[in-house]
Amino acid sequence: MITPSEKHDLDLYLISPRGFCAGVERAVEIVEQSLAKWGPPVYVRHEIVHNKFVVDTLRAKGVVFVKSLDECPDDRPVVLSAHGVAQSVIKKAKNRNLKFFDAICPLVSKVHVEIQRNHKEGLQNVMIGHAGHPETLGTLGQLQSGEIHLVETVDDVAKLDPSNPDKMAYVTQTTLSVDDIAPIIVALKERFPNIKGPHKSDICYATTNRQEAVKKAAPFIECLFVIGSPNSSNTKRLVEVGIQSGCAFSLLISGPDQMDLNFIKRFKTIGLTSGASAPEILVERCQDFLNNHFNLNFVSLETIKEDVTFNLPKELRA
């Protein structure tokens, strides 16, 4: 047992906003309410959100995660992930008369609407995003294959070969870093002066808020722990933002089991935040772990209050 006198002093900056965004809360609640209404098993196509703890918790309650609708029986509810899916998936679910709920984040849905609108106006779409990410795949799947150009870097912009350079529009993956996409947007506008952008940034409010909070905290901390899963895009961006903002020791962890005591003892100030798909219980467990080994001085750093909520599907509202 470590006595208080043996503990090192440590300032712990609790960075906020952090954790679940409104879209993740809605998606998880859709699964929870489906379980409550119809009982297990409830089928979910792909991970509902990118967090292992959340997925494992739901699996223990009777959720079955599948890669394809072909793995879902006709008589059980199906939930489609928060990242959004291609139109072909929606069509298949309807053709099979499945009881399905699309848990797509409304902010991702906004991007899908933009894609469709641009297409109807005769504009060629360009998406700034990461190849292979579920959100990107879902957005690309809003139109026929090849009708949306994907760019990940400034170099990709130079390789674009549109049929009509004067009739173009761009959208972005919602979980990217505002700073990272800025030079790509500049490159698009330089090469295609008439390109149309979204009326409002596609980067989601939660992604922006969490990144801004990390930027504000970075000058005060020597080390930053970002709680989340390695396959979470917005979580990985938080780590990158921490490094770019001057906190060289910015690390992604899934929970307290990945906290190295000897490493932490090198510092006097550390920060703690979490990605938009990480539940607050993981933050609490990390706090408890640190509190057991250090004399903690808690410092709360909150940059903005979030009050965004998204409605559940009518059939699932209490």
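In this structure, residue 235 does satisfy being in a helix (DSSP H, G or I) and of a type in the set (Ser, Thr, Tyr).
Restricting to the range 159-208, and then to whatever is in a loop (DSSP other than H, G, I, E, B) and among the hydroxyl-bearing types (Ser, Thr, Tyr), can you tell me which residue is surrounded by the most Cβ atoms within 10 Å (Cβ to Cβ)? Filtering the range 159-208 for residues that are in a loop (DSSP other than H, G, I, E, B) and among the hydroxyl-bearing types (Ser, Thr, Tyr), the one surrounded by the most Cβ atoms within 10 Å (Cβ to Cβ) comes out as 175.
Against the criterion of being in contact with a Phe, Trp or Tyr (Cβ under 8 Å, 6 or more places away or on another chain) and under 27 Å from residue 264 (Cα atoms), residue 46 does not qualify. Taking the range 91-132 as the range and being polar (S, T, N, Q) and within 16 Å of residue 150 (Cα to Cα) as the test, the residues that pass are 116, 118, 124, 125. Scanning the range 264-318 for residues that are buried (at least 19 other Cβ atoms within 10 Å of the Cβ) and part of a strand (DSSP E or B) yields 270, 271, 272, 273, 274, 294.
Could you figure out which of (1) surrounded by fewer than 18 Cβ atoms within 10 Å (Cβ to Cβ); (2) within 19 Å of the chain's Cα centre (by Cα) isn't true of residue 46? Of the numbered conditions (1) surrounded by fewer than 18 Cβ atoms within 10 Å (Cβ to Cβ); (2) within 19 Å of the chain's Cα centre (by Cα), the odd one out for residue 46 is (1).
Table: residues versus (1) in contact (Cβ under 8 Å) with a residue 60 or more places away in the chain; (2) closer than 22 Å to residue 115 by Cβ; (3) in the same structural domain as residue 238 (by TED's automatic domain parsing).
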residue	(1), (2), (3)
9	yes, no, yes
29	yes, no, no
35	no, no, no
39	no, no, no
54	yes, no, no
93	no, yes, no
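Of all the numbered requirements in (1) out of contact with any strand residue (DSSP E or B) (no Cβ under 9 Å at 6 or more places or on another chain); (2) under 25 Å from residue 253 (Cβ atoms), residue 120 misses one, and that requirement is (2). Pull up the range 209-244, narrow it to residues that are among the small types (Gly, Ala, Ser) and farther than 24 Å from residue 83 by Cα, then point me to the one that is surrounded by the most Cβ atoms within 10 Å (Cβ to Cβ). The qualifying residue surrounded by the most Cβ atoms within 10 Å (Cβ to Cβ) is 242.
Residue selection: residue 49 satisfies the criterion of being in contact with a His (Cβ under 9 Å, 6 or more places away or on another chain) and at pLDDT 95 or above.
The values are calculated or read from the model by the stated rules, or taken from the named source; none is laboratory data. Note that this is a predicted model, so its numbers are computed, not measured. Neighbour counts are summed over all protein chains in view; Cβ atoms, including those assigned to glycine, are modelled from backbone coordinates with ideal geometry.
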